[in-house]
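Report on the structure given below.
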Amino acid sequence: CGGGGEKKAADSKPVEGGGEKQKDAIVIKFSHVTSADSVKGKAAQKFADLAAEKTGGKVKVEVYPSSQLYGDKEELDALVSGNVQMIAPSVTKMVKLDPRWQYVDMPFLFKDRKHSLKFFQSDLAKQLLNGEQLVGNDIMGLAFWENGFKQFTNNKKPLKTPADFKGLKFRAQAGKVLEGQFKALDAGSATIPFGDTYAALQQGTVDGQENTYNNMDTQKYQEVQKYMTVSNHGRLDYAIFVNKPFWDGMPEDVRTKVEEALKEATEYEWKLAAEDNDKSYENLKNSGKMQITELTDAERAELEKALQPVYEEFKSVITPELIDGIKNLK
Ligand code: LMR
């Protein structure tokens, strides 16, 4: 795999409307799959603005939302080969390189949002960002970004008990753990890229899906899904990954400024994720288009119990160090 990112930056075209100073701007192409008005989209734009401001225009971050440039299937390869310099996938999609990233899908592993933020700042998180499978492929992680807890939706019936899931088919993001989660509920699943999910729900290719309030709201899933169950059974979070030869090849003073921009954008993102997910919950509710089932504590406990086989099957792959380490952070 190559490190063409550095070359790309040097070859990049002058910034449109930019002055002499911006002619040789270092271009960071930042590709992602959610919409520009999603939590990730807004934070990516904030990072772009901060990077331009802090480097006096020496760095231009070009944000490509909505799978415009690359979708789920291609964006990681595009980063490895240096066709883009930065991506921010939902971490489960890193399963292609390192199965441990599926920690995020382990049912009921994170007790609350604070627990997740604590993990982002832990040594365990740093080890994942610098994992040898990543570095061996010319990429590395720089920071974690939050989205939130996932909820189930479907078109067939309100889901209250584990038995209600039987025979339904759900869209999944990636990986064996999510497949195992649905299997434990006697349900089927299909991995479908985020960019194709609305159509798959609309056409009935799958009956349901699981996602955060903000992803559902900004994708308008309320138009194509009748029932939502508030279960908070798993997380959807992001990490920022860069092409390493590109990153290491940036002049050090410039890279320091970009790192500052990313740090500020990350602080902004952590705040925004919680706020926007709350707003999106209200939007979904007020749409009047989805019937919402809020699970009681006892119903959540029943779901947690039904999902225990996922731990038996996958704890060794994700590694006991990581799973127990996360549990012990609380
Ligand atoms: C999904 O595929 O549902 C999410 O990973 C999309 C995203 O990037 O939030």
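Overview of values
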{"item": "Relative contact order, percent, the chain [alpha-carbon distance under 8 Å, six or more residues apart]", "result": "26 percent"}
{"item": "³J(HN,Hα), Karplus 6.51/-1.76/1.60, whole Hz, each residue of segment 61-76, x for Gly, Pro", "result": "8, 9, 8, 10, x, 6, 6, 4, 9, 9, x, 3, 6, 10, 5, 5"}
{"item": "Cα gyration tensor shape of segment 159-242, rounded if a/c is under 1.5, else prolate or oblate by comparing a/b with b/c", "result": "rounded"}
{"item": "Debye, to nearest 20: dipole size of segment 84-176, +1 on Lys, Arg Cβ, -1 on Asp, Glu Cβ", "result": "680 debye"}
{"item": "Inter-part distance where segment 112-143 and segment 275-316 are each reduced to a Cα centre, Å", "result": "25 Å"}
{"item": "Span from the segment 150-168 Cα centroid across to the segment 244-263 one, whole angstrom", "result": "45 Å"}
{"item": "Lysines with Cα under 21 Å of Lys156, excluding same-chain neighbours fewer than 8 positions away", "result": "Lys166, Lys169, Lys183, Lys220, Lys226, Lys285, Lys289"}
{"item": "Cβ-based net charge around Tyr221, under 11 Å, with every Lys or Arg adding one and every Asp or Glu removing one", "result": "+1"}
{"item": "Amide hydrogen neighbours beyond the local backbone of Ile26, cut-off 5 Å, H modeled", "result": "Val59, Lys60"}
{"item": "Cβ crowding within 10 Å averaged over residues, with 242-253, 284-295, 302-313, 95-106 ranked highest first", "result": "95-106, 242-253, 302-313, 284-295"}
{"item": "Computed [θ] at 222 nm, helices only, for the chain once each DSSP H run of length n ≥ 4 contributes -39500 (n - 2.57)", "result": "-13000 deg cm²/dmol"}
{"item": "Value of D in µm² per second that Stokes-Einstein yields for segment 152-201, Kirkwood Rh from Cα pairs, at 37 °C (0.692 mPa s)", "result": "291 µm²/s"}
{"item": "Base-10 log of normalised Debye intensity for segment 156-314 (one unit scatterer per alpha-carbon) at q = 0.17 Å⁻¹", "result": "-1.07"}
{"item": "Given charges at Cβ of Lys, Arg, Asp, Glu: the chain dipole, positive-most of Tyr227, Leu76, Tyr64", "result": "Tyr227"}
{"item": "Fewest-first ranking of His32, His233, using other Cβ atoms within 10 Å as the exposure measure", "result": "His233, His32"}
{"item": "Whole-number D in µm²/s for segment 31-163 (Stokes-Einstein; Kirkwood sum over Cα pairs; 4 °C, 1.567 mPa s)", "result": "77 µm²/s"}
{"item": "Of all DSSP beta bridges in the chain, antiparallel share, percent nearest 5", "result": "50 percent"}
{"item": "Summed side-chain charge close to Ile26 - residues other than Ile26 whose Cβ falls under 9 Å, Lys, Arg +1, Asp, Glu -1", "result": "+1"}
{"item": "Largest to smallest principal axis extent of the C-alpha atoms in the chain, angstrom", "result": "64, 42, 31"}
{"item": "Spatial separation of Cα centroids for segment 30-72 and segment 186-218, in angstrom", "result": "24 Å"}
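Read the figures in this text as sums done on the coordinates, not as results from a lab. These numbers come from a predicted model, not from an experiment. Neighbour counts run over all protein chains shown; Cβ positions are idealised from the backbone, glycine included.
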